[in-house]
Amino acid sequence: MFEGFNFVVLNGTQLATVSETIVLVVRNRQDLSFFLRKNDLGDVEEFPADLRLSHLVFELVLESRARGRLGRLLDRLQAEYPDSPYIAALAQRLEALQPSPVPGQDVDRNLQWLITKGKFQSPLVLADRIVAASSQVCRIQYPVPAGMAQGTGFLVGEDLVLTAGHVMDGVLQGRGQSSQVQLTFGFVESSASRAELRNVHLTSDWCVAHQPHSAADLTADNPAVPTATELDFALLRLAEPVGKERGWVSLNNVQPQPAAPELLTVLQHPQGQMLSLAFGAPVTPAVPHRLRYRANTLKGSSGGLVLDEQMMPIALHHAGDPEGPLRPRYNQGIPLIEIAQAIEAGHQ
């Protein structure tokens, strides 16, 4: 019924009608997941869990059109729900929208191809996520005899910040004082007033959890590999519940490290400067307990938040290639899911 339709000519409003029809027929995420898997049309688990059903279906429609399988999806839906009046009405509306074919008219479709397995993303959804994440990232500074220790961190609770373990080495080794550690939120280039800057300090019992880095992180081509107890993180307790205002990254809901992400983003305060982001592709082969990528970082970036192509948190940035600065090949993070597991195990 739908296989012969030219979905390329549909505009956004018309595609929204298609997605609304699917929502009316399927009604919930669970039934949609069953339908897609049964008919080998994908899986809702490939889409972010926080998407509303209407948004999820619209993203599914866009991807299915791009992959040339939207007609097959609707045909299978009609076969699954043969008595649905919504599908019959949709078929009539689409038939009225089909233009008469003109020779050479479809050149553009024949010149468009999917290059990678990456999905088409909603710009507004991604923008919302990166803005939210940016408000949760902070600069960390404190004086040490050699100058100023610098790093980046991000909220993981109302009064908890996660950063790289070595960022706090100055305090842990007695070269700095926890009372002088300052965490600054909102240090970002923006049209908003600088009055939004928020400086916070630590409690006296600031160190909730900590693991050191690995010697393998410091030597190029070291045959040794980091262990599960060398995840280089520090969980800090704040003197104020800043997360109530800004939200936080929930370590209970972090995504597993992607097998082959197309693009990664690092939110960071390089050299203690205003919040910045850098994009980069992942570097293979993978190293146990580490994620490598080509996104740019500098001193002060340690503890930055690494996001996947859907702007979802996946790692804590902590180090770079020991070969740098002569010929650096990668920068490196720690998968958040492993840090979350280590923190949970330590509290049992």
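Do we find that L97 is modelled with pLDDT under 75, surrounded by 14 or more Cβ atoms within 10 Å (Cβ to Cβ) and not assigned by TED's automatic domain parsing to the domain that holds N252 in this structure? Steps first, please.
On the way: modelled with pLDDT under 75: yes; surrounded by 14 or more Cβ atoms within 10 Å (Cβ to Cβ): yes; not assigned by TED's automatic domain parsing to the domain that holds N252: yes.
Yes, satisfied.
Of the conditions (1) at pLDDT 80 or above; (2) in a loop (DSSP other than H, G, I, E, B), G104 fails just one. Which one is it?
For G104, the failing item is (1).
Scan the stretch 162-205 for residues that are of a type in the set (V, I, T) and at pLDDT 95 or above and jot them down. Talk me through it step by step, then tell me what you get.
First pass over the stretch 162-205, keeping only residues of a type in the set (V, I, T): 163, 167, 171, 181, 184, 188, 200, 203.
Answer for the stretch 162-205, where residues must be of a type in the set (V, I, T) and at pLDDT 95 or above: T163, V167, V171, V181, T184, V200, T203.
For the stretch 292-303, how many residues meet the condition of being surrounded by 15 or more Cβ atoms within 10 Å (Cβ to Cβ) and out of contact with any Phe, Trp or Tyr (no Cβ under 8 Å at 6 or more places or on another chain)? Write out each step before concluding.
Taking the stretch 292-303 and keeping what is surrounded by 15 or more Cβ atoms within 10 Å (Cβ to Cβ), we get 292-298, 300-303.
Next, from what is left, pick out any that are out of contact with any Phe, Trp or Tyr (no Cβ under 8 Å at 6 or more places or on another chain): 296-298, 300-302.
Residues flagged as surrounded by 15 or more Cβ atoms within 10 Å (Cβ to Cβ) and out of contact with any Phe, Trp or Tyr (no Cβ under 8 Å at 6 or more places or on another chain) within the stretch 292-303 amount to 6.
Could you check L267 against (1) assigned to a loop (DSSP other than H, G, I, E, B); (2) among the aliphatic types (A, V, I, L, M); (3) closer than 20 Å to S135 by Cβ and say which number it fails?
(1)
Can you pull out the helices (runs of 4 or more DSSP H) entirely within the stretch 1-72 that have at least 1 residues that are surrounded by fewer than 19 Cβ atoms within 10 Å (Cβ to Cβ) and without any contact (Cβ under 8 Å) to a residue 24 or more places away in the chain?
Working: elements: 12-26, 29-38, 53-66.
Fully inside the stretch 1-72 and qualifying: 12-26, 29-38.
The values are calculated or read from the model by the stated rules, or taken from the named source; none is laboratory data. The model shown is predicted, which means the values in this text are computed figures rather than measured ones. Cβ sites come from the backbone with ideal geometry, for glycine too, and all protein chains shown count toward neighbours.
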